[in-house]
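Right, one structure below, let's go through it.
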Amino acid sequence: MSYHARPGMLIVGSDSHTSTAGAFNALAAGIDRTESAGIWKRGETWFRVPESIKINLSGRLRANVSAKDLALWIIGMLGSDGANYMSVEYHGDGLQSLDISDRMTLANLASEMGAKNAVFPADDILSWFYNEPVAGVWADEGATYFREINIDLNEIFPVVSAPHNVDNVKSVADVEGTVVQEGLIGTCTNGRIEDLRIAAAILKGKTIKEYFQLNIIPASAKIYLQAMEEGIIADFIKAGANVLTPSCGPCLGTGQGIPANGHTVISTANRNFPGRMGNKAAQIYLASPATVAISALSGKITHPENSHGDEIFPFTAVQSKTSEIKQGENRKRGNVWNYSDVDNLNTDQMFAGKHTYNVLSSDPAAIIPLLFEDFDPGFSKNAGKGDIIIAGENFGCGSSREHPSVGLAYIGIKAIIVKSVNRIFYRSSINQGLALIVHREAVEAYKPGDVADIDFNNAVITIGTAKFTFEPLPEKLKQIIDMKGLVNYMRAL
């Protein structure tokens, strides 16, 4: 990515963590695969101009504190949907202490707070990286923001995201001693050479806990080779770690490293939803490379300084509602699937990552039996044409995989009504001709057994005896919905 992204570019990619390129002063955002193909054909796409959050950084991070700690800290402060559809701008003197690898980690995790993108200035740090002066695009003086946040980097300390939400942030000191059976260092969030050097320095000359499984995933083949040349790979192997092929790997729930039932994982990856690593019966803590490496030596979550200190966490971690459908529980009444009490219903729960590369997104017949299998096993058997899904906050967060929207559209789901929606899933639903309406009042009004219906022509939702109006889609997007998706729309052009 760093050898293709340039300041001032607009970059889209079929992965939610395309936002990583914001470290290079690019506007980088994730889209789905159908939309990516449409860009190749038409050379255009659509965006809503986002509101912006300005984060001012001052000071510098202390020893044993990393950009990953800072990123999780911010997510814990804002919540997993606290920057939904917004652009996050990083400003301030503190940027001078953050190298490109640090900035990539911060930009990567923007998607975990719901943001469209995160962006850094084209400053001296970026010029040094490119080994030439760079001129980019930046905010106007006096620009207005949805929110401004001031952070003193000196006050940040090591943290983790505890199961099962990325915004369930706690200090490492609070969870120190928690037994872990597996560790993961790398992937697109923390697989750069700087991350591997930190982990190798901790592990060099030592041996990981017996029966502990530590997997290392360099972010690219180039980084893998560099780590070999520097002797880092040898240090990992001598310590007892496994070095895997650069890929999403177990972060997505594919290949080696999928945890066993009841196992607890500490990982530098970006998500810890139930089932994220391919097994909903496992628990995932997210942490920095230093915290994961030192924890691998003892088999317990361990502070990078190996001492508790007197840390006081400055905010209460956001606790989001999650729900797992119990065996035999019926969430369908009439034509309504009621998930109104569920927040952060994510794409891993809708379609597990372990199936992503075995089932094509162009094969809806194969997708449908797997829909919601780890969340509501009865859904795929009982969902039918004309059904309506009602759900809570941040619906569709997580991966940009489009299998859920493909399957739901193919079934003939009439609409999804939510309190709020993840940006990429909203785009994906439009691209598949699946109507998704954000209407908090309608969701809150629904009671099990209520009749629900939608009149698209008059933009009216009926819940029981109550009626709610909603803003119609822009004409071009409505045409995509009416033609059952972006592919059919483009065929007709």
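Odds and ends about this structure:
- Within the straight-line cut-off of under 20 Å between alpha carbons, the lysines reachable from Lys54 are Lys68, Lys116, sequence neighbours fewer than 8 places apart in one chain being disregarded.
- Cα gyration tensor shape for segment 202-247, rounded if a/c is under 1.5, else prolate or oblate: oblate
- Distance between the modelled labels on Lys476 and Leu493, one decimal in nanometres: 0.9 nm (7 Å Cα→Cβ projection).
- Contour minus Cα-Cα distance for Asn330 and Glu229 (0.36 nm per residue): 30.7 nm
- Restricting segment 29-76 to GluC sites (Glu not before Pro) that sit in a DSSP loop and have at most 10 other Cβ atoms within 10 Å of their own Cβ leaves Glu44.
- Gyration tensor verdict on segment 60-142 (Cα atoms; rounded if a/c is under 1.5, prolate if a/b is larger than b/c, oblate otherwise): oblate
- Relative contact order (%) - criterion: Cα under 8 Å, at least six apart; region: segment 169-298: 32 percent
- Charge dipole of the chain about the Cα centre (unit charges at C-beta), most positive-ward option of Ile480, Ala219, Ser36: Ile480
- Note on Asn131 and Asp99: with the Förster distance fixed at 22 Å, the Cβ-Cβ geometry gives a FRET efficiency of about 0.95.
- Put simply, the amide H of Ala415, placed in the peptide plane, has neighbours under 5 Å in Ile389, leaving out anything fewer than 5 places away on its chain.
- The average projected area of segment 120-195, computed from the convex hull of its Cα atoms over all directions, is 8.7 nm².
- The alpha carbons of segment 169-298 give a radius of gyration and a Dmax of 13.3, 38 Å, in that order.
- The magnitude of the dipole of segment 332-491, with charges of +1 and -1 set on the Cβ of Lys/Arg and Asp/Glu and taken from the Cα centre, is near 340 debye.
- Measuring r between the beta carbons of Lys222 and Leu10 and using R0 = 30 Å, the FRET efficiency lands at 0.75.
- Helix-only mean residue ellipticity at 222 nm for the chain, each DSSP H run of n ≥ 4 adding -39500 (n - 2.57), per residue, nearest 500: -7000 deg cm²/dmol
- For segment 332-491, the Kirkwood estimate of hydrodynamic radius, built from reciprocal distances between every pair of different alpha carbons, is 15.6 Å.
- Net charge dipole, segment 29-90: roughly 200 debye, given to the nearest 20, about the Cα centre with Cβ charges of +1 for Lys and Arg and -1 for Asp and Glu.
- Once the Cα gyration tensor of segment 245-292 is diagonalised, semi-axes √(5λ) in Å: 15, 14, 9
- Segment 151-259, dipole about Cα centre (Lys/Arg Cβ +1, Asp/Glu Cβ -1), debye to the nearest 20: 380 debye
- Within the shell of other residues whose beta carbon sits under 12 angstrom from the beta carbon of Val421, the net charge comes to +1, with Lys and Arg scored +1 and Asp and Glu -1.
- Top positive-direction residue, dipole computed over segment 403-460 with Cβ charges, set Phe456, Val443, Val421: Val421
- Built amide H within the under 5 Å cut-off of Ile284, gap 5+: Val265
- Going through (1) 92, 61, 42; (2) 66, 53, 42; (3) 59, 52, 48, the figure that equals Cα extents along the principal axes in Å as computed for the structure here is (2).
- Straight-distance candidates among the aspartates and glutamates for linking to Lys238, with alpha-carbon spacing under 14 Å and chain neighbours fewer than 8 residues away dropped: Glu210.
- Set of segment 77-117 residues, backbone N closer than 12 Å to the point 7 Å along the Cα-Cβ line of Lys170: none
- Extreme residue, positive dipole direction of segment 95-180, given options Leu98, Pro163, Pro133 (C-beta unit charges): Pro163
- Put simply, the amide H of Ser14, placed in the peptide plane, has neighbours under 5 Å in Ile31, leaving out anything fewer than 5 places away on its chain.
- Applying 1/(1 + (r/R0)^6) with r as the Cβ-Cβ distance of Arg62 and Lys238 and R0 = 45 angstrom yields a FRET efficiency of 0.95.
- Summarising the label geometry, the points placed 7 Å from Cα in the beta-carbon direction at Glu210 and Ala466 lie 6.1 nm from one another.
Every number here is computed from the coordinates shown, using simple stated rules; none is lab data. Note that the structure is a prediction, hence the values are computed from the model and not measured. Here the Cβ is made from the backbone with ideal geometry for all residues, glycine too, and neighbour counts use every protein chain on show.
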